[in-house]
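The values are calculated or read from the model by the stated rules, or taken from the named source; none is laboratory data. Predicted model only: the values in this text are computed from it and were never measured. Every residue, glycine as well, gets a Cβ built from its backbone with ideal geometry; the counts of neighbours run over all protein chains shown.
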Amino acid sequence: MITFKILLFSILKEKVGQDTIELKVASSLTGEQLLDKLSSDYDSIHSFRSVIRLAVNESYVHESIELTNGDEVALITPVSGG
């Protein structure tokens, strides 16, 4: 079993109702596959799918990244402010 810790911030944290998701899967995933899985499991993540950026182990990455067991994946949504 491969386990990922998914960190949620801002609007995703509010909409999902928690700040972390522990995801266990049978085989490795790419960032894109992870986002697709989370989008199908959580309507609120699906709503923001097109604007989410990934950070893995505190570094921004492209969705094509191969994730490995124990990776910490942050879902980053656009922010605004002044």
What number of residues in segment 27-43 are of a type outside the set (A, V, I, L, M), in contact with a strand residue (DSSP E or B) (Cβ under 7 Å, 6 or more places away or on another chain) and at pLDDT 95 or above? 2
Against the conditions (1) surrounded by 15 or more Cβ atoms within 10 Å (Cβ to Cβ); (2) over 15 Å from Pro78 (Cα atoms); (3) in contact with a strand residue (DSSP E or B) (Cβ under 7 Å, 6 or more places away or on another chain), where does Ile52 fall short? Just the number, please. (2)
Quick count over segment 50-82, residues being among the acidic types (Asp, Glu) and in contact with a Phe, Trp or Tyr (Cβ under 8 Å, 6 or more places away or on another chain), is 2
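Within segment 24-41, track down each residue that is surrounded by 17 or more Cβ atoms within 10 Å (Cβ to Cβ) and either touching a residue at least 12 places away in the same chain (Cβ under 8 Å) or hydrophobic (A, V, I, L, M, F, W, C) (or both).
Those that are surrounded by 17 or more Cβ atoms within 10 Å (Cβ to Cβ) and either touching a residue at least 12 places away in the same chain (Cβ under 8 Å) or hydrophobic (A, V, I, L, M, F, W, C) (or both): Leu29, Gly31, Leu34, Leu35, Leu38.
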Looking at (1) under 18 Å from Ile65 (Cβ atoms); (2) surrounded by 12 or more Cβ atoms within 10 Å (Cβ to Cβ), can you tell me which one Thr3 breaks? (2)
